[in-house]
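The values are calculated or read from the model by the stated rules, or taken from the named source; none is laboratory data. Everything numeric here is computed off the predicted structure, so don't read it as measured data. Positions of Cβ are generated from backbone atoms using ideal geometry, with glycine treated the same way; all protein chains shown enter the neighbour counts.
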Amino acid sequence: MEISSIPSFPAFASGFALLYLLAYFAVFRSWSPKHRPEASSCFISLFHGTPAAIMAASATSSIASPRFAAPNTPFEATVLEFSIAYFLVDLLHYVAFFPGDYLFIAHHLATLFVFVTCRYLVRHGAYAILGLLALAEVTSLCQNVWTLAGLRRYDSALAKRVYDYLSGPFYAFYTIVRGFFGPVFVYKMGVFYMGGEADRVIPMWVSVSWMVVVVMAISVSVLWVFNLWVEMYLERFGRANEKKKKEN
């Protein structure tokens, strides 16, 4: 049976929905109602991020002559459906528990637009989209562990140690990926798409939309991690001042 004939999306969506319910009602049942939804979101992200990064990297590296406008392979289509299912379930999570978090809701809607148009509308360009997916999700495992530890850092000494230990390395890793490798890849995409080389198979309005979504996503990511660096510096600078005052 070919990969393309497997009804991947319904199976993936059902799987992520079940994982979310398992996390909410079993794995994190002892956590406070305030943190259970976000922890459950991290839980399904653990099952999406690293597998998606590995599959996306595998799909793109297996192409002999990679091009940003190449037809999607069956495996690339499956990886896209895997991520569409995850982002849809996580979007429902935000709508249900954090309806006022417009930034994340907009991010998920924009991401779904890119994946859905690539998978079902133009059926070309998965090499570009999955390249970005691999870069976006390569930091996912570290980010989710850091987030889960952060949720419990005021209740657990172990969680606080994990959070403090991971913060610096995670910020550095995230900064390198989103602040350097991401922009370089996006620049190559922009040169290709804006040059009209994909117009025969990917309408200009689609490629322009992709570029707008991607540039905005990277910009927000860089701003987010910059703010984390500032917060960490101020927090540690404050601790150092308090220690000096006590010593004096």
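Observations, loosely collected:
- Out of 232, 211, sole residue that is under 21 Å from residue 148 (Cα atoms) and either modelled with pLDDT under 95 or surrounded by 14 or more Cβ atoms within 10 Å (Cβ to Cβ) (or both): 232
Quick grid of which residues meet (1) modelled with pLDDT under 95; (2) among the polar types (S, T, N, Q); (3) assigned to a helix (DSSP H, G or I); (4) crowded, with 19+ Cβ neighbours inside 10 Å:
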{"site": "82", "(1), (2), (3), (4)": "no, no, yes, yes"}
{"site": "89", "(1), (2), (3), (4)": "no, no, yes, yes"}
{"site": "95", "(1), (2), (3), (4)": "no, no, yes, no"}
{"site": "134", "(1), (2), (3), (4)": "no, no, yes, yes"}
{"site": "170", "(1), (2), (3), (4)": "no, no, yes, yes"}
{"site": "173", "(1), (2), (3), (4)": "no, no, yes, no"}
{"site": "186", "(1), (2), (3), (4)": "no, no, yes, yes"}
{"site": "193", "(1), (2), (3), (4)": "yes, no, yes, yes"}
{"site": "197", "(1), (2), (3), (4)": "yes, no, no, no"}
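- Only one of the numbered conditions (1) more than 17 Å from residue 228 (Cβ to Cβ); (2) free of Cβ contacts under 8 Å to residues at least 12 places away in the same chain; (3) assigned to a helix (DSSP H, G or I); (4) hydroxyl-bearing (Ser, Thr, Tyr) is violated by residue 154, and that is (3).
- Index of the failed condition, residue 69 passing every other in (1) part of a helix (DSSP H, G or I); (2) among the hydrophobic types (A, V, I, L, M, F, W, C); (3) buried (at least 16 other Cβ atoms within 10 Å of the Cβ); (4) touching a residue at least 60 places away in the same chain (Cβ under 8 Å): (1)
- Close pairs from segment 41-53: first without any contact (Cβ under 8 Å) to a residue 12 or more places away in the chain and under 15 Å from residue 92 (Cα atoms), partner polar (S, T, N, Q) and assigned to a helix (DSSP H, G or I), Cβ under 7 Å, at least 6 apart: none
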